[in-house]
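S.K.: First, the structure itself, so that you have it in front of you.
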Amino acid sequence: MNSAGEGRVRLPRSERRAQLLRAAQDVFVSKGYHSTSMDDIAENAGVSKPVLYQHFTSKLELYLALLDGRAAELVGQVRHALESTEDNKERVNRAMRAYFEFVDAQGEAFRLVFESDQRNDPEVSERVLKMEADCVAAMAETIMGDTHVDKARAELLATGLLGIAEISARKWIASDRAIPKDEAVQLMSTLAWRGISHFPREGEAEHQ
């Protein structure tokens, strides 16, 4: 840590906050929440602890800020996937790809969302559940708008589809990307589509 350098470089508050979040993410990913200290984060960021505490009053606040950012990113990607086309087969493909792109782009940081060692904390659990609910709601709205199923059934179908996306994307990463990403996305979206496509579209008596 270079305290002199810290004095010479005074970043705008938003830039400093972003820097601290990046540093915290690196440490949380490598050490886990419980084994990480504010000293570790300050050292990784190259700042003093007082500077760190000017922006985040606790380790949990830092962690929740990271979680909020990653969760918003995933929800945004899923919503964009569903709104970017009116072709339902392509919607399934793009929603599946959103999960694969998320875990691929985040590297090990996706574990902050899906595999956190802090999931038992009420505030962490609340955010993860909200993220899952937002993704399910976006998919369920699309399903209800295009089929004869009611809200409860649409939400259950959406949960199943997004569960396939999450688990398969995590398995793909855990296998060191043993299958090319495009092929992995196609495999899983084909599996999902073969199930959901059997539900009749709104206004049709038979299959799509």
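S.K.: I'd like to check one number: the per residue accessible area of segment 1-92, probe 1.4 Å, reported in Å² as a whole number.
M.R.: Per residue, segment 1-92 has 54 Å² of solvent-accessible surface.
S.K.: Now a separate question. So which lysines can K171 reach, going by Cα to Cα under 19 Å and dropping same-chain residues fewer than 8 places off?
M.R.: K181
S.K.: Using a 1.4 Å probe, how large is the accessible area of R153, given in Å² and rounded to the nearest 10?
M.R.: Accessible area, nearest 10 Å²: 150 Å².
S.K.: Let me have the 222 nm mean residue ellipticity of the chain computed from DSSP H runs of 4+ only, each contributing -39500 (n - 2.57), with the sum over all residues rounded to the nearest 500.
M.R.: Taken over the chain, the calculation gives -24000 deg cm²/dmol.
S.K.: A further question on this structure: Return the sequence-ordered ³J(HN,Hα) values of segment 90-104 in whole Hz as given by the Karplus equation 6.51 cos²θ - 1.76 cosθ + 1.60 applied to θ = phi - 60°, using x for Gly and Pro.
M.R.: 6, 4, 4, 4, 6, 5, 4, 5, 4, 5, 5, 5, 4, 5, 5
S.K.: If the cut-off is 20 Å between C-alpha atoms, which aspartates and glutamates fall inside it for K59, apart from same-chain ones fewer than 8 positions away?
M.R.: Of all the aspartates and glutamates, those that pass the test against K59 - Cα under 20 Å, at least 8 places apart if same chain - are E15, D26, D39, D40, E43, D68, E108, E115, D117, D121, E123, E126.
S.K.: Taking segment 1-101 on its own, what percent of its Cα-Cα pair distances exceed 21 Å?
M.R.: 47
S.K.: Which three numbers, in whole Å and largest first, are the semi-axes of the equivalent ellipsoid of segment 109-191 derived from its Cα gyration tensor as √(5λ)?
M.R.: 24, 22, 7
S.K.: Follow-up. Rounded to a whole number, what % of the accessible area of segment 53-208 do carbon and sulfur atoms account for, probe 1.4 Å?
M.R.: Answer for segment 53-208 is 52 percent, counting heavy atoms of protein chains only.
S.K.: Counting only other residues whose beta carbon sits under 11 Å from that of L162, what net charge do I get with K and R as +1, D and E as -1?
M.R.: That sum, taken over residues with Cβ under 11 Å, equals -4.
S.K.: As I understand it, the dipole of the chain uses +1 on the Cβ of Lys and Arg and -1 on the Cβ of Asp and Glu, about the Cα centre. Which of L60, V185, A133 lies farthest toward its positive end?
M.R.: After comparing all options, I get L60.
S.K.: How much space per residue, in cubic angstrom, does the convex hull of the C-alpha atoms of the chain take up?
M.R.: About 129 Å³ per residue, rounded to a whole number.
The values are calculated or read from the model by the stated rules, or taken from the named source; none is laboratory data. A quick note: this is a predicted structure, and the numbers were derived from the prediction, not measured. A quick note on method: Cβ atoms are made from the backbone with ideal geometry, for glycine too, and the neighbour counts reach across all protein chains shown. Side chains are part of the model used for accessible areas, which takes the heavy atoms of the whole protein and leaves out ligands, DNA and RNA. Shrake-Rupley method; radii C 1.70, N 1.55, O 1.52, S 1.80 Å.
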